Amino acid sequence: LANGAYGQRIAKIAQVLGIAHAVLDRGELEPPDLDQLERHLASNPQVTHVAMVHGETTTGMLNPIAAAGEIAKRYGKTFIVDAMSTFGGVPLDVASIGIDFLVSSANKCIQGVPGFGFVVARREALQVCGGRARSLSLDLFDQWKTMEDGHGKWRFTSPTHVVRAFAQALVELGEEGGIETRYRRYKNNQHTLVEGMESLNFVPLLKREYQSPIITAFHNPQSADYRFDEFYRRLKDAGFVIYPGKVSQLDTFRIGSIGEVYAEDVEELLEAIAAAIYW
């Protein structure tokens, strides 16, 4: 299921690895069409897996993984979720949703540093992977078996500094009050951001009901005098960095609301944006 660049990236990985696949693409501004998913599974019994992105950061959309997971389970399919930008910051119950493989990263909502990815897997689904890897370095079963047999040992050189940072990030997540508390902070950041941006005449890309608390896309101003590069430069000079847009058909930019960021930081950003408006 794809509705952005990161869903399409999953398809690209499958293509490169020579895995037969179909892409159900709804476009970038709508959540995946679950009726289409159901019809596809009903008419294509050869399908074995369903994969989708939870937080599609192309637009900032939070996709309905629970509803998709229910359909995947009903048809007996392995369910894979890319939770790179949501795990640790958005509450989700892997078992109740029926996720077989959840993929995430040491950074993003865990607030560690980049350097390794990890998978939360249903043991039975993972064991089926034994001897079926398409890559030596990405042999998930072999890595799990080595850790099980070797008291946490990595197969190859471990990223020690990143692991230490990850461990500290988990301590800090607990000290903050856990995922629910962090989720509320992120939501508050995002709501503060949108309210402030709207007061400055910026228009959010997504409908509110689709929006995640992770990152928000805004339409670029339509003024003939506006240049994103100049807007970006002024904000960077003020100590803030924003993202260019990633939506293929629309002119947008994006602002994140995760990390060690609080409402007062968002307010400072809004003041900087107000001062950077030159058009």
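Values quoted throughout were computed directly from the atomic coordinates according to the rules given, and no laboratory measurement underlies them. Please read all numbers here as calculations on a predicted model, not as lab measurements. FYI the Cβ positions are ideal-geometry reconstructions off the backbone, even for glycines, and counts take in every protein chain you see.
The table below gives the values:
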quantity: Where P213 falls short, out of the listed (1) part of a helix (DSSP H, G or I); (2) under 19 Å from the mean Cα position of the chain (by Cα); calculated: (1)
quantity: Search result, residues across region 221-249 that are surrounded by 14 or more Cβ atoms within 10 Å (Cβ to Cβ), of a type in the set (A, V, I, L, M, F, W, C) and either in contact with a Cys (Cβ under 9 Å, 6 or more places away or on another chain) or assigned to a loop (DSSP other than H, G, I, E, B) (or both); calculated: A238, F240, I242, V247
quantity: Total residues in region 169-194, condition farther than 21 Å from L92 by Cα and surrounded by fewer than 12 Cβ atoms within 10 Å (Cβ to Cβ); calculated: 0
quantity: The one condition in (1) without any contact (Cβ under 8 Å) to a residue 40 or more places away in the chain; (2) out of contact with any Leu (no Cβ under 9 Å at 6 or more places or on another chain); (3) not aromatic (F, W, Y) that E230 fails to fulfil; calculated: (1)
quantity: Filter result (over 21 Å from E180 (Cβ atoms) and acidic (D, E)) within region 70-121; calculated: E70, D82, D100
quantity: Residue selected from region 12-60 under the condition of a type in the set (G, A, S) and under 17 Å from S104 (Cα atoms), by the criterion farthest from the chain's Cα centre (by Cα); calculated: A51
